[in-house]
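Report on one structure; see the data block that follows.
The values are calculated or read from the model by the stated rules, or taken from the named source; none is laboratory data. What you see is a predicted model, and the numbers here were worked out from it, not measured in a lab. In this analysis, Cβ positions are derived from the backbone assuming ideal geometry, glycine residues included, and neighbour counts consider all displayed protein chains.
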Amino acid sequence: MTRAAVLGAGAWGTTFAAVLADAGTDVTLWGRDDAAVAQVRDERRNDRALAGLHLPEGIHATTDAEEALADADIVAVALPSQHVRGVISPWASLLPSGAVVTSLMKGIELGTHQRMTQVLAEAWSLPDERITVVSGPNLAREIAERQPTATVVAGADSAAAELVAASTASSYFRPYTNSDVIGVELSGAYKNVIAVSVGIADGMGFGHNTTATVITRGLAEITRLGLALGASPETFSGLAGMGDLIATCASPLSRNHTLGSAIGKGATLDEAIATTGGTAEGVKTSLSIQELAREKGVDVPICDAVVAMIHEGAPKEAVLQALVSRPRKAEGQ
């Protein structure tokens, strides 16, 4: 039987552990919170992350990283993107030889502008062939409720991606494999920034036309940067691109949309963060993506607007107006 370790007992880490268990994979969930880990182990619940939901049998839980990682064939990492390097670096010697590492994270590291698979590779001295990423329309609570969804497992090595896909496939979770790690990973990080902007527009009282405009122009923005980084154009119209973007921008379960909506209604950034009940990755990722885009010479007006609104104190009305008053041009340009 395939054995997996999931590092991070938040909503998505706990949900992914449940997905693995439902697929027949032996899984151990690592978390730092003693109470949460004890509840998963003893009651098959994690009310802090997924209130009211029961987890499947077969999930072991521990606060001991060495215990979690021992003999793992798959190591899935679901930690806040801006802190993951510091958390996992001391565990490099604990990683089993040959284990496939998969990122469940959706962010770009501040300062280095590295995607999460790059951070994992550097922190644990791993070749690309041992790293994969899972991304797509992955709203944790819906999946934890076993609502049908599909996702993408991307990896440079097809056998590594297939191992993760086979270890998660079930009656409600359908993984597709892909070799475009850059495109899949960038889409997962960038869509959080677009979701913040959609939330801001919603909070200000704008309707579906505005939402559709921001989503579609946001996809164009993600695609431009992705192509500049060497991604495949087909990725952006698929599950990891448009699929994840729609789910995150449209759902009230999205922390990034929730945060943006609070800002659109007049909340400060700190107040908006408090309303999300967790990490809204789009806040810091907006800065990383803006810096990366400038480094590559790519125009990213929506990301620029989000940075201006939430980090620089620009009036949201003025920034949204700037988006629609940009010079006219052909849509594909």
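Miscellaneous remarks
- Residue ID - surrounded by the most Cβ atoms within 10 Å (Cβ to Cβ), chosen from residues in the stretch 110-149 that are under 17 Å from residue 256 (Cα atoms) and not basic (Lys, Arg): 135
- Number of residues in the stretch 244-254 that are surrounded by fewer than 24 Cβ atoms within 10 Å (Cβ to Cβ) and touching a residue at least 12 places away in the same chain (Cβ under 8 Å): the value is 5.
- Taking the criterion of being exposed (fewer than 15 other Cβ atoms within 10 Å of the Cβ) and of a type in the set (Asp, Glu), the residues of the stretch 292-316 that qualify are 295, 299, 312.
- Selection status of residue 84, crowded, with 22+ Cβ neighbours inside 10 Å and without any contact (Cβ under 8 Å) to a residue 60 or more places away in the chain: yes
- Here residue 237 fulfils each of the conditions (1) farther than 21 Å from residue 128 by Cβ; (2) among the polar types (S, T, N, Q); (3) buried (at least 24 other Cβ atoms within 10 Å of the Cβ); (4) modelled with pLDDT of 95 or more apart from (3).
Table: residues versus (1) under 23 Å from the mean Cα position of the chain (by Cα); (2) on the phi < 0 side of the Ramachandran plot; (3) without any contact (Cβ under 8 Å) to a residue 60 or more places away in the chain; (4) outside the structural domain of residue 161 (by TED's automatic domain parsing).
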{"residue": "44", "(1), (2), (3), (4)": "no, no, yes, no"}
{"residue": "61", "(1), (2), (3), (4)": "yes, yes, yes, no"}
{"residue": "95", "(1), (2), (3), (4)": "yes, yes, yes, no"}
{"residue": "100", "(1), (2), (3), (4)": "yes, yes, no, no"}
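A quick yes/no check of all residues on (1) among the acidic types (Asp, Glu); (2) crowded, with 23+ Cβ neighbours inside 10 Å; (3) out of contact with any Pro (no Cβ under 6 Å at 6 or more places or on another chain); (4) under 17 Å from residue 234 (Cβ atoms):
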position: 152; (1), (2), (3), (4): no, yes, yes, yes
position: 175; (1), (2), (3), (4): no, yes, yes, no
position: 179; (1), (2), (3), (4): no, no, yes, yes
position: 185; (1), (2), (3), (4): yes, yes, yes, yes
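- Members of the stretch 166-191 that are assigned to a loop (DSSP other than H, G, I, E, B) and hydrophobic (A, V, I, L, M, F, W, C): 169
- Residues that are surrounded by fewer than 18 Cβ atoms within 10 Å (Cβ to Cβ), at pLDDT 95 or above and over 24 Å from residue 254 (Cα atoms) do not occur anywhere in the stretch 4-22.
- Within the stretch 102-144, considering residues that are among the polar types (S, T, N, Q) and without any contact (Cβ under 8 Å) to a residue 12 or more places away in the chain, the one farthest from residue 183 (Cα to Cα): 112
- Residue satisfying all of: in the stretch 255-277; under 19 Å from the mean Cα position of the chain (by Cα) and closer than 26 Å to residue 294 by Cα; surrounded by the most Cβ atoms within 10 Å (Cβ to Cβ) among these: 260
- Sole exception among (1) at pLDDT 95 or above; (2) buried (at least 19 other Cβ atoms within 10 Å of the Cβ); (3) over 20 Å from residue 18 (Cα atoms) for residue 201, by number: (1)
- Residue in the stretch 50-57 that is small (Gly, Ala, Ser), surrounded by 15 or more Cβ atoms within 10 Å (Cβ to Cβ) and assigned by TED's automatic domain parsing to the domain that holds residue 145 present: no
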